1. Could you tell me which residue of segment 162-197 is most open to solvent (accessible area, probe 1.4 Å), considering only residues that are among the aliphatic types (A, V, I, L, M) and touching a Cys at 6+ places or on another chain (Cβ under 6 Å)?
2. Among the residues of segment 103-123, which ones are in contact (Cβ under 8 Å) with a residue 60 or more places away in the chain and part of a loop (DSSP other than H, G, I, E, B)?
3. Given the conditions (1) open to solvent by 70 Å² or more (accessible area, probe 1.4 Å); (2) in contact with a helix residue (DSSP H, G or I) (Cβ under 6 Å, 6 or more places away or on another chain); (3) at pLDDT 95 or above, report the number of the one that Lys368 does not fulfil.
4. Looking at segment 311-343, which of its residues are more than 20 Å from Leu295 (Cα to Cα) and either surrounded by 19 or more Cβ atoms within 10 Å (Cβ to Cβ) or not hydroxyl-bearing (Ser, Thr, Tyr) (or both)?
5. Answer yes or no as to whether Val188 is of a type outside the set (Lys, Arg) and free of Cβ contacts under 8 Å to residues at least 24 places away in the same chain.
6. Within the bounds of segment 132-144, is there any residue that is over 26 Å from Lys368 (Cα atoms), open to solvent by less than 50 Å² (accessible area, probe 1.4 Å) and assigned to a helix (DSSP H, G or I)?
7. Among the residues of segment 149-159, is there at least one that is surrounded by fewer than 18 Cβ atoms within 10 Å (Cβ to Cβ) and under 21 Å from the mean Cα position of the chain (by Cα)?
8. Can we say Leu200 is surrounded by fewer than 18 Cβ atoms within 10 Å (Cβ to Cβ) and not β-branched (Val, Ile, Thr)?
Amino acid sequence: MRTMSHMRKIRIITYHHPANFGAALQAYGLQQAIAKMGYEVSFIDYRPDHLTKGGGLIWPRDRWSRRANLINVYLRVMHLRKQLMGDGGKTKKFEEFHRTHLRIEGTTYDNLQDLKARPPEGDVYVCGSDQIWNASEQFGIDPAYFLDFGSAEVKRISYAASFGRPYVLPRFQEETARLIKPLDAISVREKSAVPLVQGLCGRLAEWSPDPTLLVDDGYPLAIEPDSDKDYIFSYTLRSREFVQQIEEKVASQTGFSVISPETLHERKERIGPLEWLGYLKNARFVITNSYHGTLFSIIFRKPFFFVGLQGKKNSFNERSLSLLERLNCTDRFVSSDNEVDLSALAAQEIDYERIHAAVAIWRSDAQKYLKDAIEG
């Protein structure tokens with residue numbers, strides 16, 4: 001006879017649907033971790049319009065609403081363009097990954113009202129991971145990602161939910177506090193979010209690793225490139241400021257060529273999450289300003305640089321810096337404000353035995369948090 005823990009149905013809400021490598025793989029990681037505990041787990045198929053194709057226009061009463069309208073118009077134009085012209089097969093790659101590797105079941109919801117009217121069945125709702133608590137510029141706070149729906153009898157917990165930065169904008173603080181406070185257990189992804197949650201609503205939060213670190217099998221599903229050439233894999237988001245200088249210096253020192261999703265696209269090669277994993281897994285060196293690029297460099301034991309975003313974007317460095325601090329490898333962080341000997345640092349061996357021992361302890365703590373939160 002199965003125990004009660006094996007009978008419980010866990011429903012996750014997160015950013016599982018965007019055509020984004022990190023979003024897809026963090027969803028996979030959390031699903032695998034919960035399933036390994038013996039629970040029945042699946043995703044709530046929440047695909048809000050404001051994320052998928054741009055939300056509706058609002059009265060332009062202030063600077064924020066005017067900017068929100070511009071972003072929504074841009075997103076709608078880009079969505080229409082993709083519908084008419086396609087994207088070279090990128091969406092198809094992600095849809096195949098979602099279909100094959102993520103358990104998505106039940107109704108597809110495109111707004112909070114639908115979620116509240118027809119809430120998904122489950123014993124425990126889990127929100128997280130990713131930047132689900134980060135107010136979007138075009139919409140603001142989405143209460144769905146704080147589990148503001150469904151029966152009061154359903155247990156509600158967060159796992160490694162992220163604010164995306166070390167603060168909450170004043171205009172969203174009151175609503176954020178109201179939404180977090182009722183959760184039965186709270187886990188956040190960055191160190192800075194622990195005091196942030198306590199300051200907002202007086203609740204204690206657990207600092208947990210991104211779900212990709214909960215997978216301990218080395219990601220055998222990765223599809224490695226069919227080539228024996230050594231290369232540097234470069235993966236950048238938001239800005240390439242300063243990154244190109246780092247690429248050129250490392251390429252000059254090592255003699256390796258630089259490959260990125262952009263250069264692969266120029267060669268008519270569209271990659272999905274599994275191919276992206278494969279290029280990282282097979283790389284001789286990784287250069288990235290991405291949080292998940294940093295995570296998988298560590299998972300695959302690669303020499304790497306995390307290149308800090310500059311100027312107004314530097315608050316987005318918080319996620320990776322928090323990770324590097326936890327694993328005691330902040331020396332892999334380089335920025336235009338941080339004078340380092342790149343040649344010496346690139347040649348320096350990373351003590352991955354120590355780092356992975358720290359990951360194993362953190363993973364064990366996270367698994368205990370999940371088990372206690374679900375069962376408690």
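The values are calculated or read from the model by the stated rules, or taken from the named source; none is laboratory data. Keep in mind it's a predicted model, so treat the numbers as computed, not measured. Glycine gets a Cβ as well: all are built from the backbone with ideal geometry, and neighbour counts include every protein chain shown. For accessibility, only protein heavy atoms count, side chains too; no ligands or nucleic acids. Shrake-Rupley method; radii C 1.70, N 1.55, O 1.52, S 1.80 Å.
1. Looking at the filtered set, the residue picked out is Ala177.
2. If the condition is that a residue be in contact (Cβ under 8 Å) with a residue 60 or more places away in the chain and part of a loop (DSSP other than H, G, I, E, B), then Arg103, Asp110, Asn111, Pro120, Glu121, Gly122, Asp123 are the ones that fit.
3. Result: Lys368 passes all but (2).
4. Correct list: Gly311, Lys312, Asp337, Asn338, Glu339, Val340, Asp341, Leu342.
5. no
6. Yes: segment 132-144 contains one or more residues that are over 26 Å from Lys368 (Cα atoms), open to solvent by less than 50 Å² (accessible area, probe 1.4 Å) and assigned to a helix (DSSP H, G or I).
7. Scanning segment 149-159, I find no residue that is surrounded by fewer than 18 Cβ atoms within 10 Å (Cβ to Cβ) and under 21 Å from the mean Cα position of the chain (by Cα), so the answer is no.
8. No; evaluated as a whole, the condition is false for this residue.
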